[in-house]
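Bear in mind that the values in this text are calculations on the coordinates, not laboratory data. Keep in mind the model is a prediction, meaning the values are calculated, not measured. Backbone-built Cβ (ideal geometry, glycine too); neighbour counts: all protein chains shown.
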Ligand code: GRF
């Protein structure tokens, strides 16, 4: 049975689209059981509908605090019985209770080679620092923002003359490759979260799986 997978979005959903395309092409074995958004205007909801995936939306502004919103999201998501949660541009910080409820079953993608550059504006920060390499990281979500164990990184060489926008576009193309691949490894059970670490094929993974792109 394919792993029941919820995808959480807030915006455009190009990563969501990469999942849909990979499942449709038969290269990714996940059951995309719901796409959830906190933003009713998110274009990703239209992508989900076009793909025939159930959608759900709860607006965080309707709740007095993070905890009550997160409780409502849990209740809604659990109707779909997800085994894996994919954060794909979900612009919300998760409460500890939310992370605990789905412990070891939430993946995020962050546009930097973590642990370098957690937080925002990663592309400009990489250019400002003159780094040779940049990319994106798929990691398990823990209470620490952008800090959970890394599963996979896609890296590319930085052109010092490119703009932050150009770099961002190239990194997103990398994301569309590595996120479905990494999620597939988790969905199939080859990669698991155990005692705060990523375990790959039964071996503790000190370093993420690395894919290099031109
Ligand atoms: C991605 O670039 C990811 O790194 C970040 O949010 C962005 C989402 O983009 N976490 P999209 O909505 O999938 O196009």
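A few points about this structure:
- Whole-Å distance, taken between Cα centres, linking region 44-94 and region 156-194: 22
- Considering only region 3-138, percent of DSSP beta bridges that pair antiparallel, nearest 5: 10
- Alpha-carbon Rg/Rh ratio, for the chain, with Rh computed the Kirkwood way: 0.95
- Kirkwood-Stokes translational diffusion coefficient of region 78-142, alpha-carbon pairs, 4 °C, 1.567 mPa s, µm²/s: 97
- Ranked for footprinting exposure by Cβ neighbours inside 10 Å, fewest first, 102, 179, 213, 117 give 213, 102, 117, 179.
- Gain in span if fully extended, residue 197 to residue 80, counting 0.36 nm per residue against the direct Cα distance: 39.4 nm
- Each peptide in 48-61, 103-116 was scored by the mean count of other Cβ atoms within 10 Å over its residues; highest first, the order is 103-116, 48-61.
- Averaging the sequence gap over all C-alpha pairs within less than 8 Å and six or more residues apart, then dividing by the number of residues, gives the chain a relative contact order of 19 percent.
- Prolate/oblate/rounded call for region 1-43, Cα gyration tensor, a/c under 1.5 rounded: oblate
- Remark on region 54-99: hydrodynamic radius 11.4 angstrom, per the Kirkwood mean of 1/r across alpha carbon pairs.
- Using C-alpha pairs under 8 Å with a sequence gap of at least 6, the mean separation divided by the residue count of region 110-214 gives a relative contact order of 27 percent.
- Helical runs (DSSP H, four residues minimum) scored at -39500 (n - 2.57) apiece and divided by the length of the chain put the mean residue ellipticity at 222 nm at -10500 deg cm²/dmol.
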